[in-house]
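Everything below concerns the one structure shown next.
Derivation of every value follows stated rules applied to the coordinates shown; laboratory data play no part. Computed from a prediction, not measured in an experiment: that's the story for all the values here. Every residue, glycine among them, receives a Cβ derived from its backbone with ideal geometry; neighbour counts consider all protein chains shown.
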Amino acid sequence: MAEIVAAMAMTHSPGLTGWFSRAPQEQQQQALQATAEMRRRLVAARPDVIVMFSNDHLLNWPINNVPEYTVGIAEEHLGPADWFDEWLAMEKYRVPGHSGIARWLVNEGARRGLALAYLREMQYDDGISVPTHYLNPDARFRLVPVTMNCTVPPIPTPERAYRVGTLMREMLWAYPGRERVAVVATGGLSHEPGGPRYFWVDEEFDRWFLDLLKRGDHAALLRECTLERMEEAGSGGTAELLAWVLVMAFTRGPADVLAYMPAVAWRSGTGMVVWNDMAR
């Protein structure tokens, strides 16, 4: 069976690559130090593959047909998508996939009552590209991307995301291989892309959410961090934290918050988190 060896989460704001230098120098240093520490811990965990959970920004699916979850099953992933490479100030990258695990998730999900869409050719914007830039720049680790709907109603609840995370964990454990797997959540924190509060960050919400992760009380987070509370902290963007909730289901105990920046210049509350203990 596969082994879960690392779990972490980070913001994927396009400003982290596209207009990084617009933020105050202190925030730039915090972000670089935190992502370097994430990379260090990832290398130390020696995963064969990263299963990365992000959100679909309506790049792969039309607004009237967004699946709850989509798995990229290709043997190789190419990004960023055309036009996004210029916006993200990023060269094209190639990362090997792991179609065995990807297809296993889709097929095993169907057997367990979890319907997962899939794409043989997935397009990538900041959601996958920014974390890849910082955590897997040399394509050392194979990639299985899983995108989720955090934008188009009906949006899954945090409880639903956590249940899916639990199923994903069980399915990876059951995979008939000995791969070492890291799970990475990307998105959030508070932001309202393109909305009236585009140049605003809800620092109070962000610190409250990160404090919940530090406490390691999953039941309290699921009870208190509702979709309504996320919406209040930034419509159309803050609910990306559902990916963090999903990955939290792979863990137990408190998370290490490596950094937090209320980075208005990057148009998002910006944070980096690592969990130390995996659920059994």
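Within the chain, the whole DSSP H helices whose Cα atoms reach 24 Å or more along their own axis and whose mean Kyte-Doolittle score is at least -1.0 are 25-45.
So what is the 222 nm mean residue ellipticity for the chain from helices alone, if each DSSP H run of at least 4 adds -39500 (n - 2.57) and you divide by all residues, rounding to the nearest 500 deg cm²/dmol? Helices in the chain give a 222 nm mean residue ellipticity of -10500 deg cm²/dmol. Taking 14 Å as the cut-off, the amide N atoms of the range 175-213 that come nearer than this to a point 7 Å along the Cα-to-beta-carbon line of residue 229 belong to 190, 204-213. Here, the range 234-280 yields an orientationally averaged convex hull projection of 3.6 nm² when only Cα atoms define the hull. Among the GluC sites (Glu not before Pro) in the range 33-109, those placed in a DSSP loop whose Cβ has at most 14 other Cβ atoms within 10 Å are 75, 91. Compared with the alpha-carbon gap, the fully stretched path from residue 159 to residue 198 is longer by 11.3 nm at 0.36 nm per residue.
Taken along its principal axes, the alpha carbon cloud of the range 133-257 reaches lengths of 47, 34, 30 Å, longest axis first. For the range 32-129, the C-alpha radius of gyration divided by 2.2 N^0.38 Å, with N the number of residues, is 1.19. Where the centre of each part is set by its Cα atoms, how far does the range 9-28 sit from the range 175-205, in angstrom? After rounding, the separation between the Cα centres reads 14 Å. Once you divide the Cα radius of gyration of the chain by 2.2 N^0.38 Å, the number left is 0.90. The stretch between residue 75 and residue 29, if pulled fully straight at 0.36 nm per residue, gains 13.1 nm over its current Cα-Cα span. Would you mind pulling out the separation of the Cα centroids of the range 208-265 and the range 126-163, in Å? Here the two parts' Cα centres lie 15 Å apart.
Basic side chains Lys and Arg get +1 at the Cβ, acidic Asp and Glu get -1 at the Cβ, and with that the dipole of the range 3-278 about its Cα centre reaches some 820 debye. Most simply put, the range 3-278 has about 50% antiparallel DSSP beta bridges, counting only bridges with both residues inside it.
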